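The values are calculated or read from the model by the stated rules, or taken from the named source; none is laboratory data. All values derive from a computational prediction rather than experimental measurement. Glycine also receives a Cβ, built like all others from the backbone with ideal geometry; neighbour counts cover every protein chain displayed. Note: areas computed on protein heavy atoms with side chains; ligands, DNA, RNA excluded. Shrake-Rupley method; radii C 1.70, N 1.55, O 1.52, S 1.80 Å.
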Amino acid sequence: MTILCINVDHVATVREARKITEPDLVAAALICELAGAAGITLHVREDRRHAKERDLALLMQTAKTRVNLEMAATNEMVNIARKYHPHQVTLVPEKREEVTTEGGLDVARHIKKIGDITHKLQKSGIRVSLFIDPEEKQLIASAKTGAEFIELHTGRYCDARNETAVKKQLDALVRGAEKARELGLRVNAGHGLNYRNVKPVAAIEGIEELNIGHSVISHAIFVGLERAVKEMLALIREATSR
Ligand code: PXP
């Protein structure tokens, strides 16, 4: 079964537009959980532009499901993860100038550093997932780090603009998921998924968790958060019930 985790960063983005206390991230997470989300995802960035360490602390006390902390592979963030002990850490690349996470982690290039950080987190009992593009060399390197999970970056699939390109990117995700499992890795996926493009990804054999933020929070502005989460969940269930 594929589970849905909601990335609530955008709730913090709206809050930070005024630097006050609303909208409340904890309330948002609770509504997502009541609507059926199986987890809450939060990206605490180096520049703290949306979610703060305090948000993580509060979510760890209040979330009834599980918290997936997206973070850069730095010692500062390892210390934060060790302090709050989220259910899962997803290591992501981070550049200050980017609007959102752009590419996947280059695990093949930084295998030693990512392996060391993975090991430190695992030693503290935290499960580690590596956010990577669906490329064989990244999959092989990810397996070598000892991480239990990878999150396949679905951005290229979501950005594909015609049928041929969509098929090509979807095939890459299918092959990526297959190869990952051959290598003993468990598979999550996310980035850019929305109500129109989620089903083919949810239907890929072996994908366990989808992390979705922007489309759900955007839809919530018009229909409310509970309904936005429920509608996304219904699509995932339709895609996986066959
Ligand atoms: N997965 C990862 C690793 C991400 O960095 C993000 C964005 O923070 C997401 C999933 C969610 O992407 P989106 O907001 O486009 O749904």
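In region 91-102 there is at least one residue matching the filter, namely being of a type in the set (A, V, I, L, M, F, W, C) and in contact with a strand residue (DSSP E or B) (Cβ under 9 Å, 6 or more places away or on another chain). Per the conditions (1) open to solvent by less than 60 Å² (accessible area, probe 1.4 Å); (2) of a type outside the set (F, W, Y); (3) in contact with a helix residue (DSSP H, G or I) (Cβ under 7 Å, 6 or more places away or on another chain), the sole criterion not satisfied by V223 is (3).
Condition (residue is under 16 Å from the mean Cα position of the chain (by Cα), of a type outside the set (D, E, K, R), more than 14 Å from the ligand (Cβ to nearest atom) and over 19 Å from H153 (Cβ atoms)) applied to region 111-123: is it met by at least one residue?
From region 111-123, those under 16 Å from the mean Cα position of the chain (by Cα) are none; that's our starting set.
The answer is no, given that none of the residues of region 111-123 is under 16 Å from the mean Cα position of the chain (by Cα), of a type outside the set (D, E, K, R), more than 14 Å from the ligand (Cβ to nearest atom) and over 19 Å from H153 (Cβ atoms).
I'd like to know if region 203-219 contains one or more residues that are among the small types (G, A, S), out of contact with any strand residue (DSSP E or B) (no Cβ under 8 Å at 6 or more places or on another chain) and open to solvent by less than 20 Å² (accessible area, probe 1.4 Å). Quick ask: steps written out before the conclusion?
Taking region 203-219 as the starting set, the residues that turn out to be among the small types (G, A, S) are 203, 206, 213, 215, 218.
From the residues that got through so far, the ones that are out of contact with any strand residue (DSSP E or B) (no Cβ under 8 Å at 6 or more places or on another chain) too are 203, 215, 218.
Restricting the remaining residues to those that are open to solvent by less than 20 Å² (accessible area, probe 1.4 Å) gives 215.
Scanning region 203-219, I find at least one residue that is among the small types (G, A, S), out of contact with any strand residue (DSSP E or B) (no Cβ under 8 Å at 6 or more places or on another chain) and open to solvent by less than 20 Å² (accessible area, probe 1.4 Å), so the answer is yes.
Take the conditions open to solvent by 40 Å² or more (accessible area, probe 1.4 Å) and either of a type in the set (D, E, K, R) or free of Cβ contacts under 8 Å to residues at least 12 places away in the same chain (or both) and apply them to E178. Does it pass? For E178, the condition - open to solvent by 40 Å² or more (accessible area, probe 1.4 Å) and either of a type in the set (D, E, K, R) or free of Cβ contacts under 8 Å to residues at least 12 places away in the same chain (or both) - is met.
Rundown of residues vs (1) within 18 Å of I80 (Cβ to Cβ); (2) of a type in the set (K, R); (3) more than 17 Å from the chain's Cα centre (by Cα); (4) modelled with pLDDT under 95, yes/no style:
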{"site": "A35", "(1), (2), (3), (4)": "no, no, yes, no"}
{"site": "L42", "(1), (2), (3), (4)": "yes, no, no, no"}
{"site": "R49", "(1), (2), (3), (4)": "yes, yes, yes, yes"}
{"site": "L58", "(1), (2), (3), (4)": "yes, no, yes, no"}
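Among the residues of region 76-93, write down those that are over 21 Å from E209 (Cα atoms), open to solvent by 50 Å² or more (accessible area, probe 1.4 Å) and either within 14 Å of the ligand (Cβ to nearest atom) or touching a residue at least 12 places away in the same chain (Cβ under 8 Å) (or both).
Initial filter on region 76-93 (over 21 Å from E209 (Cα atoms)): 76-80, 82-84.
In the following step, the residues that additionally are open to solvent by 50 Å² or more (accessible area, probe 1.4 Å) were identified as 76, 79, 82-83.
Answer for region 76-93, where residues must be over 21 Å from E209 (Cα atoms), open to solvent by 50 Å² or more (accessible area, probe 1.4 Å) and either within 14 Å of the ligand (Cβ to nearest atom) or touching a residue at least 12 places away in the same chain (Cβ under 8 Å) (or both): E76, R82.
When each of L105, L139 is tested for being surrounded by 24 or more Cβ atoms within 10 Å (Cβ to Cβ), touching a Lys or Arg at 6+ places or on another chain (Cβ under 6 Å) and at pLDDT 95 or above, the lone residue that passes is L139.
Contact map, region 22-33: first residue under 14 Å from R66 (Cβ atoms), second residue among the basic types (K, R) and open to solvent by 50 Å² or more (accessible area, probe 1.4 Å), Cβ cut-off under 6 Å, separation 6 or more or different chains; pairs are E33/K64.
Taking first residues from region 206-220 that are free of Cβ contacts under 8 Å to residues at least 24 places away in the same chain and partners that are more than 8 Å from the ligand (Cβ to nearest atom) and open to solvent by less than 20 Å² (accessible area, probe 1.4 Å), the Cβ contacts under 6 Å between residues at least 6 apart in sequence or on separate chains come to A220/A228. Would you say H50 is touching a strand residue (DSSP E or B) at 6+ places or on another chain (Cβ under 8 Å), over 20 Å from E226 (Cβ atoms), within 15 Å of the ligand (Cβ to nearest atom) and open to solvent by less than 10 Å² (accessible area, probe 1.4 Å)? Answer is no for this residue.
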